[in-house]
Amino acid sequence: MIIEPLALTPDHDLPGPLLTELTALYASNHEFYALSGDFPDPQDIRPEQVAAALADDLTNPDVDVLLARSAGQLTAVAITLAHHPDPTDPDPWIGLLLVAAEAQGKGYGRQLATHIEARFREAGRDAVRLAALDNNPAALAFWTTIGYETIGHRKDRQLGRPCAVLCKILR
């Protein structure tokens, strides 16, 4: 698997072919988006919606969008945040880790999470956090299986959805 940061065009736009790939990846996860409510119709996710969902992330210098490819195909995307908006929160966050539905269960999510953890460890960070929707037991099972522990519960900052906050120590 090859992992690389998302590169914008010189005009700071998503390249058209990449937006098409990202849209297909997001759309393949309609069950997740039915739980999250991030898109109005999880069965009909459109390129302009994906571009809008990524727009704020792409302008934030603390955010990295990572693309994971296997055999040339986009298999996963991750969005990380080096500094949480809450200044009392010392840890970086994984905002999203999404594996194409047809590639799930093949270890891509684990590989991408391990890559993210290594990047933060190399940057001198002690831990990484994330929030998993309470109504998504599959995500909670994935994260706890790879060593994350639930450290609390709260509503997410964007839509007020109930979430478990998980943390993994990186030392």
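The values are calculated or read from the model by the stated rules, or taken from the named source; none is laboratory data. Treat the numbers as computed from the prediction; the structure is a model and nothing was measured. Cβ sites come from the backbone with ideal geometry, for glycine too, and all protein chains shown count toward neighbours. Accessible surface areas use protein heavy atoms only, side chains included; no ligands, DNA or RNA. Shrake-Rupley method; radii C 1.70, N 1.55, O 1.52, S 1.80 Å.
Structural remarks
For (1) assigned to a helix (DSSP H, G or I); (2) open to solvent by 30 Å² or more (accessible area, probe 1.4 Å); (3) under 16 Å from Leu166 (Cα atoms); (4) among the acidic types (Asp, Glu), each residue gets a yes or a no:
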site	(1), (2), (3), (4)
Asp64	no, yes, no, yes
Leu67	no, no, no, no
Val77	no, no, no, no
Asp91	no, no, yes, yes
Ile94	no, no, yes, no
Glu102	yes, yes, no, yes
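- For region 40-57, the criterion of being of a type outside the set (A, V, I, L, M), in contact with a helix residue (DSSP H, G or I) (Cβ under 6 Å, 6 or more places away or on another chain) and open to solvent by less than 20 Å² (accessible area, probe 1.4 Å) is met by none of the residues.
- Selected residue (criterion: surrounded by the fewest Cβ atoms within 10 Å (Cβ to Cβ)) from residues of region 79-89 that are assigned to a loop (DSSP other than H, G, I, E, B) and touching a strand residue (DSSP E or B) at 6+ places or on another chain (Cβ under 9 Å): Asp89
- Of residues in region 144-171 being without any contact (Cβ under 8 Å) to a residue 24 or more places away in the chain and either touching a Ser or Thr at 6+ places or on another chain (Cβ under 6 Å) or in a helix (DSSP H, G or I) (or both), the one nearest to Asp89 (Cα to Cα): Thr144
- Filter result for Asp126 (surrounded by fewer than 18 Cβ atoms within 10 Å (Cβ to Cβ), over 20 Å from Val165 (Cβ atoms) and of a type in the set (Asp, Glu)): no
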